[in-house]
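Peer 1: The structure under discussion is supplied below as structure tokens; questions concerning it will follow.
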Amino acid sequence: MLVVGYILTAVTSYLLGSIPTGYLLAAARGIDIRTVGSGNIGATNVFRFLGVPAGVFVLLVDALKGWVAVVVVARLFGNWFADAAGPTAREWLALVGGVSAILGHNFTCWLRFKGGKGIATSAGVLIALVPWALLIIFGVWVIVFALSRYVSLASICASAALPPAAWVTKESHTMICMLTAMSALAIYKHKANIQRLIAGTETRIAAKKAAPQPEAPKQTP
């Protein structure tokens, strides 16, 4: 019966993750987010074309999808099959829920299986699964972004740092293997960004310029 729990967790989490938050928010404002900027439905593209509040909203909702898949969906079905779901099975249920939510976001069935890159949804999953490893890779993200002003480069570097961060924080071998797969998927979804980074055509997030100070009035002799 535990197999049924895995299937229900996977399907429910996929459908949850597949909700295209950025696309729906932009569509409500009369914009097809897939036709502007990078064409991505994620928070970064929404931020560029709909502004900071909209970008933050999409970021939080997409992260929430991943968190709910692990903390609510996987735990719910784990409780349903409590007799068969020991610690190892519950860990696998959480991983299945998290990965399925990410796959739902990246390959949403509502947009012909073309979705986002999964960074925000992955962050929600990591908050639930490995918060200390997430803290480490968030530090990597902040440093790389501050130095380069490239969101994509920061996300790629943070994704690459995930397996070492999980090892440093002494996660289980199963967890490290699954996080490595998540890392590889996130980097793969950035393949177009990698090509633009190599070509020098990737878009930077410009740093805010300090407002010019008014000149002091000249003293007359």
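The values are calculated or read from the model by the stated rules, or taken from the named source; none is laboratory data. Bear in mind that the values here come from a model prediction, so they are computed numbers and not experimental data. Neighbour counts are summed over all protein chains in view; Cβ atoms, including those assigned to glycine, are modelled from backbone coordinates with ideal geometry.
Peer 1: Only residues in the range 175-190 that are outside the structural domain of TRP141 (by TED's automatic domain parsing) count as the first member; pair them with residues that are charged (D, E, K, R) and outside any loop (DSSP other than H, G, I, E, B), Cβ under 7 angstrom, at least 6 apart or cross-chain, and list the lot.
Peer 2: Nothing qualifies.
Peer 1: For residues that are at pLDDT 90 or above, crowded, with 20+ Cβ neighbours inside 10 Å and over 17 Å from MET178 (Cβ atoms), tally how many sit in the range 78-108.
Peer 2: 1
Peer 1: Give me the residue from the range 110-149 that is surrounded by fewer than 19 Cβ atoms within 10 Å (Cβ to Cβ) and basic (Lys, Arg) and, out of that set, farthest from VAL36 (Cα to Cα).
Peer 2: Across the range 110-149, the extreme among qualifying residues is ARG149.
Peer 1: Of (1) of a type outside the set (Gly, Ala, Ser); (2) surrounded by 16 or more Cβ atoms within 10 Å (Cβ to Cβ); (3) assigned to a helix (DSSP H, G or I); (4) under 17 Å from the mean Cα position of the chain (by Cα), LEU25 satisfies all except one. Which?
Peer 2: Checking LEU25 against (1) of a type outside the set (Gly, Ala, Ser); (2) surrounded by 16 or more Cβ atoms within 10 Å (Cβ to Cβ); (3) assigned to a helix (DSSP H, G or I); (4) under 17 Å from the mean Cα position of the chain (by Cα), the one that fails is (4).
Peer 1: Further question on the same structure: Quick one: ILE143 ticks every box in (1) at pLDDT below 95; (2) part of a helix (DSSP H, G or I); (3) more than 30 Å from SER100 (Cβ to Cβ) bar one, so which box is it?
Peer 2: (1)
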